[in-house]
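Engineer: Structure below; questions to follow.
The values are calculated or read from the model by the stated rules, or taken from the named source; none is laboratory data. Predicted model only: the values in this text are computed from it and were never measured. Methodologically, a virtual Cβ is constructed for each residue, glycine included, from the backbone with ideal geometry; neighbour enumeration extends over all protein chains shown.
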Amino acid sequence: MDDEERAFRASLGRLVDWYRIEQTRPLLRAFLPAFVLLPLGSLVVALSQLPRFVPVGLAPWITLLGVFVTASGPGWAILQLLLTIRRDLYVAIRSDGLCVRLDPEEHERVYDWDSVLDAQYDASDEVIRVSLASAEPVAIRGKFAQLGLAELSRRIRDARRLAVWNRLEPRFDLREVDCAD
């Protein structure tokens, strides 16, 4: 097991709950062009076989172009999905603190439960403000897939209360998971 796998398992062992930013736009960006390119490429291949529309000498090149356009649809979708995985944005409640990654250019930040004072939802600005003991408040914005911001702020407050009393339990028990290499 390498260091990255060890770190992932350790993080998973502390996970209580996890909320991802809604993925509708990236999924549309991945699949809509693919749904256009696939039939378009098939149409080009079909037309290349009709001597009425394409001169015989150009038919193999037009067929090759059609195959390329057809293959580019799934290729585009795969590329966009891989990029979306790299840009995974989320808020995680862990037994050791609140993890926030809302900028794809930054690594996740973990705020220890001792430093989290409160989480309040501001409906006028559509933001959760997480008050910290030693730093500027953290602003959580965005549309989450599983729940609204008001509910997320309530869950963060509840998790903080449980953590203060050492009652916040991780979701997974890695002792039950087969860790064979």
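Engineer: Among what's in the stretch 109-129 and is in a loop (DSSP other than H, G, I, E, B) and in contact with a helix residue (DSSP H, G or I) (Cβ under 9 Å, 6 or more places away or on another chain), pick the residue that is farthest from Gly142 (Cα to Cα).
Structural biologist: This residue is Asp114.
Engineer: Further, regarding this structure: Is there a residue being aromatic (Phe, Trp, Tyr) and in contact (Cβ under 8 Å) with a residue 24 or more places away in the chain anywhere in the stretch 15-25?
Structural biologist: yes
Engineer: Let me ask something additional. How do the pairs read when you match residues in the stretch 111-136 that are outside the structural domain of Leu152 (by TED's automatic domain parsing) with residues anywhere that are of a type in the set (Ser, Thr, Tyr) and in a loop (DSSP other than H, G, I, E, B), using Cβ under 9 Å and keeping only pairs 6 or more apart or on different chains?
Structural biologist: none
Engineer: In addition: Do any residues in the stretch 70-89 that are over 21 Å from Val45 (Cα atoms) have Cβ atoms under 8 Å from those of residues that are surrounded by 18 or more Cβ atoms within 10 Å (Cβ to Cβ) and among the β-branched types (Val, Ile, Thr), where the two are at least six apart or on different chains, and which pairs are they?
Structural biologist: Leu89/Ile21
Engineer: Tell me, yes or no, whether the stretch 27-36 has at least one residue that is within 30 Å of Ile93 (Cα to Cα), touching a residue at least 24 places away in the same chain (Cβ under 8 Å) and out of contact with any Leu (no Cβ under 6 Å at 6 or more places or on another chain).
Structural biologist: Checking the stretch 27-36: at least one residue is within 30 Å of Ile93 (Cα to Cα), touching a residue at least 24 places away in the same chain (Cβ under 8 Å) and out of contact with any Leu (no Cβ under 6 Å at 6 or more places or on another chain).
Engineer: May I pose another question? Could you list, in sequence order, all residues of the stretch 142-163 that are of a type in the set (A, V, I, L, M, F, W, C), surrounded by 15 or more Cβ atoms within 10 Å (Cβ to Cβ) and assigned to a helix (DSSP H, G or I)?
Structural biologist: The answer is Leu149, Leu152, Ile156, Ala159, Leu162, Ala163.
Engineer: Pull up the stretch 10-38, narrow it to residues that are hydroxyl-bearing (Ser, Thr, Tyr) and not in a strand (DSSP E or B), then point me to the one that is farthest from Phe68 (Cα to Cα).
Structural biologist: Residue satisfying both the conditions and the ranking: Ser11.
Engineer: Return the residue satisfying two criteria in turn: it lies in the stretch 82-128 and is closer than 19 Å to Glu22 by Cα and of a type in the set (Lys, Arg), and of such residues it is surrounded by the fewest Cβ atoms within 10 Å (Cβ to Cβ).
Structural biologist: Arg86
Engineer: Taking the conditions exactly as written (in the same structural domain as Val16 (by TED's automatic domain parsing), loosely packed, with under 12 Cβ neighbours inside 10 Å and out of contact with any helix residue (DSSP H, G or I) (no Cβ under 6 Å at 6 or more places or on another chain)), does Ala139 satisfy them or not? If you could, list the steps in order and put the result at the bottom.
Structural biologist: On the way: in the same structural domain as Val16 (by TED's automatic domain parsing): yes; loosely packed, with under 12 Cβ neighbours inside 10 Å: no; out of contact with any helix residue (DSSP H, G or I) (no Cβ under 6 Å at 6 or more places or on another chain): yes.
Judged against the criteria, Ala139 is not a match.
Engineer: Which condition number in (1) within 30 Å of Val127 (Cβ to Cβ); (2) outside any helix (DSSP H, G or I) is the one that Val54 fails?
Structural biologist: The single condition Val54 does not satisfy is (1).
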